[in-house]
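Asks: To start, I am sharing the structure in question, which I have written as structure tokens.
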Ligand SMILES: [Zn+2]
């Protein structure tokens, strides 16, 4: 019974239909990520409507903090922590066009990240970290401010940073992009199965499907990951589901 550990359900058109399709496909749950205050509200609504199946994560994404009020975000997380399994999606993204050449925005991005790492620790929840183009800094700040519980989602960064991520106790997660992404393949080949989660990050355009992804496509992730690891899909499903249940206390 696979679990999609990272889906932006509140951003998917027809949320309930997508959840039904995930059940039919045999998934045992979905960890629903948020990216701003609005999707935090949408995530909570979906988790309440599908209790025990949709698990909420609240947080502000490193490409969506620009118009967000950090204190309101902190309050939102604190007030609803008992209904959540994680704080996320948080992190850094130095490749975003509004951050790439703007030191002040980069500093603000780091402040959002650090404060959310700290509140996750305070309310005792794991974190889901986006680290694109900022892998080393993400790890460094997670090491100094985080609890060590969390996942570097869709990890496609350098292998030496990956080793640090694993040494620090974090998981890494795999998406359907493992079919074609050399960076993701290298990371997944290196990481031991007992530290890998599977996810979709849906909705994301998947070329081989000719459509946007949804949680049931985590089965594709399992298939490609099993091929890469030279293991059966069943073994990979069992191990990664156990990992998700452990990390998110499901
Ligand atoms: Zn995401």
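Just so you know, all these numbers are worked out from the coordinates, no wet-lab data involved. Nothing here was measured: the structure is a model prediction, and the numbers come from that model. Cβ sites come from the backbone with ideal geometry, for glycine too, and all protein chains shown count toward neighbours.
Asks: Could you line up 99, 24 from fewest to most neighbouring Cβ atoms inside 10 Å? Could the numbers behind the result be given before it?
Replies: Details: 99 24, 24 9.
Final ranking by Cβ density, sparse to dense: 24, 99.
Asks: Please state the shape class of region 80-174: rounded when a/c is under 1.5, otherwise prolate if a/b exceeds b/c and oblate if not, all from the C-alpha gyration tensor. Present the calculation step by step, with values, prior to reporting the outcome.
Replies: Details: a/c = 1.83, a/b = 1.19, b/c = 1.53.
Verdict is oblate for region 80-174.
Asks: With a ≥ b ≥ c taken as the square roots of the eigenvalues of the C-alpha gyration tensor of region 2-118, please select rounded if a/c is under 1.5 and otherwise prolate if a/b is larger than b/c or oblate if it is not? Write out the running numbers ahead of the final one.
Replies: Working: a/c = 2.50, a/b = 1.82, b/c = 1.37.
The shape class here is prolate.
Asks: Any chance you could check the Cα centroid distance between region 184-250 and region 90-116 for me, in angstrom?
Replies: That distance is 28 Å.
Asks: If each of residue 48 and residue 160 carries a label point 7 Å out from its Cα toward its Cβ, how far apart are those two points in nm?
Replies: 4.9 nm
Asks: Mean separation of Cα pairs under 8 Å and 6+ residues apart, divided by the residue count of region 13-140: what relative contact order is that in percent? Show your work: numbers first, answer last.
Replies: Working: 194 pairs, mean separation 29.8, N = 128.
Relative contact order for region 13-140 comes out at 23 percent.
Asks: Could the peptides 170-176, 45-51 be put in order, highest first, of the mean number of other beta-carbon atoms found within 10 Å of their residues?
Replies: Numbers: 170-176: 27.4, 45-51: 16.3.
In decreasing order of mean packing, 170-176, 45-51 become 170-176, 45-51.
Asks: I want to check the label-to-label distance for residue 16 and residue 118. Put each point 7 Å from Cα in the C-beta direction and report it in nm to one decimal.
Replies: The modelled label-to-label distance comes out at 4.1 nm.
Asks: Place the peptides 9-19, 33-43 in order of packing, highest mean first, counting for every residue the other Cβ atoms within 10 Å and averaging per peptide. Kindly include the intermediate steps, with their values, before the conclusion.
Replies: Details: 9-19: 17.6, 33-43: 22.7.
Descending packing order for the listed peptides: 33-43, 9-19.
Asks: Cβ neighbours within 10 Å, averaged per peptide: list 180-188, 126-134, 145-153 in order, most packed at the top. Could you put the intermediate results ahead of the total?
Replies: Details: 180-188: 17.4, 126-134: 25.4, 145-153: 21.7.
Descending mean neighbour count gives 126-134, 145-153, 180-188.
Asks: Oh, and also: Would you kindly state how much longer the chain becomes between residue 24 and residue 242 on full extension, computed as 0.36 nm times their sequence separation minus their alpha carbon distance, in nm to one decimal?
Replies: Numbers: separation 218, 0.36 × 218 = 78.48 nm, distance 2.05 nm.
Full extension of this stretch gives 76.4 nm more.
Asks: Any idea what % of Cα-Cα pairs in the chain are farther than 35 Å?
Replies: On the way: 1995 of 31125 pairs.
Pairs farther apart than 35 Å: 6 percent.
Asks: May I ask you to compute the full-extension gain from residue 79 to residue 143, defined as 0.36 nm times their residue separation minus their alpha-carbon distance, rounded to one decimal in nm?
Replies: Values: separation 64, 0.36 × 64 = 23.04 nm, distance 2.54 nm.
Length gained, residue 79 through residue 143: 20.5 nm.
Asks: State the antiparallel share, in %, of DSSP beta bridges confined to the chain, rounding to the nearest 5. Provide the component values of the computation, followed by the final result.
Replies: On the way: 2 of 22 bridges.
Restricted to the chain, the bridges split so that about 10 percent are antiparallel.
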